Amino acid sequence: MAEAKKLYIKTYGCQMNVYDSERMAEALGASGYVTTDKAEDADMILLNTCHIREKAAEKVYSELGRFKPLKAARPDLKIGVAGCVAQAEGEEIMRRQPLVDLVVGPQTYHRLPAMEAAIRGGARAVDTEFPEEDKFEHLPKPPQARRGPTAFLTVQEGCDKFCAFCVVPYTRGAEVSRPAARLLSEAQDLVSRGVREITLLGQNVNAYHGAGPDGTWTLARLIRELAKIDGLARIRFTTSHPNDMEDDLIAAHGDEPKLMPYLHLPVQSGSDRILKAMNRKHTAADYLRLVERLRAARPDLLLSGDFIVGFPGETDQDFEETMDLVRAVGYGQAYSFKYSARPGTPAAERAGVPDDVARDRLHRLQALLSSQQRAAQDAMIGRNVSVLLEKQGRMPGQMVGKSEYLHAVHVTDPRARAGDIARLRIVASGPNSLSGVLI
Ligand code: SAH
Ligand code: SF4
Ligand code: F3S
């Protein structure tokens, strides 16, 4: 057998890109590639990219520039760009960076083996179609290797919401849900390989409406059926849109013990005027009511959110309304961003707020969010939590894992083993993690 070729993949952006990178590695595995974590050793380098903000997209070009000497030293090294920048810019990438051999979008990477063969023959290959066929039906079955205790599973992809600032509907395409039976069997397969926690992924995961054996299944139905799998201990899902948070899903937070009490529920702004301009199709009050209903179902639910400051037209008053909403909700975790105008989106036509104003707002918002995050973490001290131990920590003998609330928790105890769900009492809260002792 010929010596295996080496593949180096670097992943940017969201968790779905992490999932896709694994699938791309499996697809190229069928063409004789094994992965390496050293770009210098690779026969093929693949950047799985993100287009969400300008900085994310620009990073790709600077990274490609860094591969120039590698390619000069080894002309048979192949370089590919995958993901959302690939989808958005297509051939333009090859014009801007001649060392690129291959450009593949998020919906066509099942064709990577054929594309790889073409570029080995000296061609350059671009495929950014939105094909009829479902890529997941054309990917090889993953090898039966054992894996860590947590896994992602894409259940829904794409977005029809068209928020005025966002590129995702253009880079990922229309909303598509995968068939329920397929997901149940993939989940079963993950569990048979040692997985104890599955995070269901989708750009609008709670809009899931997949074909089931008895009609269309909602996300809540899918979660309830997945929960019947023996050995699967925990289920999470991300990312949700407030308008798709339906009654059965809210109820599942209260009555499905395997569904973890953590929910990422982006709101973007607390100003109705800005929410309208963003095309979010709900008000701040709608969101607050939803949070109340979720907490009625699951009082200890830890909420996480996404925020954008400096959206075109955002006044000081609008921003103060965002601060008010944050104070009203109390987030355990959050991500906040300065608005970035993205080519092709409706908001990009409008002037943004001055950069220094946006920067100042971001600072104030982040200070508030991190104080809430810290308070939520400190409030865990003295409490008993369940921690899915994932891997060795940095200190000798230390294990690290995640609590139900997605807090990172450290424990140093010879009885702690990866894959176990340990009952721990939290004894300390550090900057980014908690530590606990076995009960
Ligand atoms: N599908 C998810 C998240 C999409 S991107 C959802 O609907 O919530 C993740 C986050 O990036 C968004 O929630 C938003 O806060 C941020 N984001 C998206 N486009 C952006 C832009 N043009 N500028 C700044 N932040 C943006
Ligand atoms: Fe983007 Fe809005 Fe769709 Fe989320 S819901 S992916 S922010 S368009
Ligand atoms: Fe980025 Fe595409 Fe995900 S733009 S956030 S990698 S869907």
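A single member of 54, 40 is more than 24 Å from residue 159 (Cα to Cα) and surrounded by fewer than 18 Cβ atoms within 10 Å (Cβ to Cβ), and it is 40. Look at segment 262-273: where a residue is away from ligand 1 (no atom under 12 Å from the Cβ) and a partner is open to solvent by 10 Å² or more (accessible area, probe 1.4 Å) and part of a strand (DSSP E or B), sitting 6+ places away or on another chain with Cβ atoms under 6 Å, you get 262/302.
Looking across 382, 436, 419, one residue alone is of a type outside the set (A, V, I, L, M) and part of a strand (DSSP E or B). It is 436.
This table checks each residue for (1) open to solvent by 30 Å² or more (accessible area, probe 1.4 Å); (2) within 16 Å of ligand 3 (Cβ to nearest atom); (3) closer than 22 Å to residue 202 by Cβ.
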| residue | (1), (2), (3) |
| --- | --- |
| 241 | no, yes, yes |
| 253 | no, no, yes |
| 260 | no, no, yes |
| 272 | yes, no, no |
| 276 | yes, no, no |
| 284 | no, no, no |
| 290 | no, no, yes |
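What are the residues in segment 267-289 that are more than 18 Å from residue 315 (Cα to Cα) and assigned to a helix (DSSP H, G or I), if any? Those that are more than 18 Å from residue 315 (Cα to Cα) and assigned to a helix (DSSP H, G or I): 285, 286, 287, 288, 289.
Taking the numbered list (1) open to solvent by less than 50 Å² (accessible area, probe 1.4 Å); (2) free of Cβ contacts under 8 Å to residues at least 40 places away in the same chain; (3) within 21 Å of residue 159 (Cα to Cα) in turn, residue 307 passes all entries but (2). List every residue pair whose Cβ atoms lie under 7 Å apart, where the two residues are 6 or more positions apart in sequence or sit on different chains, the first residue falls within segment 411-431 and is within 23 Å of residue 378 (Cβ to Cβ), and the second residue, located anywhere, is at pLDDT below 95 and open to solvent by 60 Å² or more (accessible area, probe 1.4 Å). Every condition considered, the pairs that remain are 412/395; 423/439; 424/439; 425/439.
Cβ-Cβ distances below 8 Å connect the following pairs, each with a first residue in segment 122-136 that is in a loop (DSSP other than H, G, I, E, B), a second residue that is of a type in the set (Val, Ile, Thr), and a separation of six or more residues or different chains: 124/100; 128/103; 128/104; 128/108; 129/108; 131/108; 134/176. Among residues of segment 224-250 that are under 25 Å from residue 17 (Cβ atoms), those with a Cβ under 8 angstrom from a residue that is open to solvent by less than 20 Å² (accessible area, probe 1.4 Å) and aromatic (Phe, Trp, Tyr), sequence gap 6+ or separate chain, pair up as 242/287.
Return the residues of segment 68-91 that are more than 16 Å from ligand 3 (Cβ to nearest atom) and open to solvent by 10 Å² or more (accessible area, probe 1.4 Å); say none if nothing qualifies. Talk me through it step by step, then tell me what you get.
Of the residues in segment 68-91, the ones more than 16 Å from ligand 3 (Cβ to nearest atom) are 68-79, 91.
Once the filter is applied, which keeps residues that are more than 16 Å from ligand 3 (Cβ to nearest atom) and open to solvent by 10 Å² or more (accessible area, probe 1.4 Å), segment 68-91 yields 68, 69, 70, 71, 72, 73, 74, 75, 76, 78, 91.
Within segment 24-45, the set of residues being under 18 Å from residue 114 (Cα atoms) and either within 14 Å of ligand 3 (Cβ to nearest atom) or of a type in the set (Val, Ile, Thr) (or both) comprises 24, 34, 45. In segment 250-262, what residues are touching a Phe, Trp or Tyr at 6+ places or on another chain (Cβ under 9 Å) and among the aliphatic types (A, V, I, L, M)? Those that are touching a Phe, Trp or Tyr at 6+ places or on another chain (Cβ under 9 Å) and among the aliphatic types (A, V, I, L, M): 259, 260. Looking only at residues in segment 376-398 that are free of Cβ contacts under 8 Å to residues at least 40 places away in the same chain, more than 24 Å from the chain's Cα centre (by Cα) and open to solvent by less than 60 Å² (accessible area, probe 1.4 Å), which one is nearest to residue 300 (Cα to Cα)? So, considering only residues that are free of Cβ contacts under 8 Å to residues at least 40 places away in the same chain, more than 24 Å from the chain's Cα centre (by Cα) and open to solvent by less than 60 Å² (accessible area, probe 1.4 Å), the one nearest to residue 300 (Cα to Cα) is 398.
The values are calculated or read from the model by the stated rules, or taken from the named source; none is laboratory data. As the structure is a prediction and not an experimental result, all values here were calculated from the model. Using ideal geometry, Cβ is built from the backbone for each residue, glycine included, and neighbour counts are taken over all protein chains shown. Please note that ligands, DNA and RNA were not included when accessible areas were found on the heavy atoms of the full protein model with its side chains. Shrake-Rupley method; radii C 1.70, N 1.55, O 1.52, S 1.80 Å.
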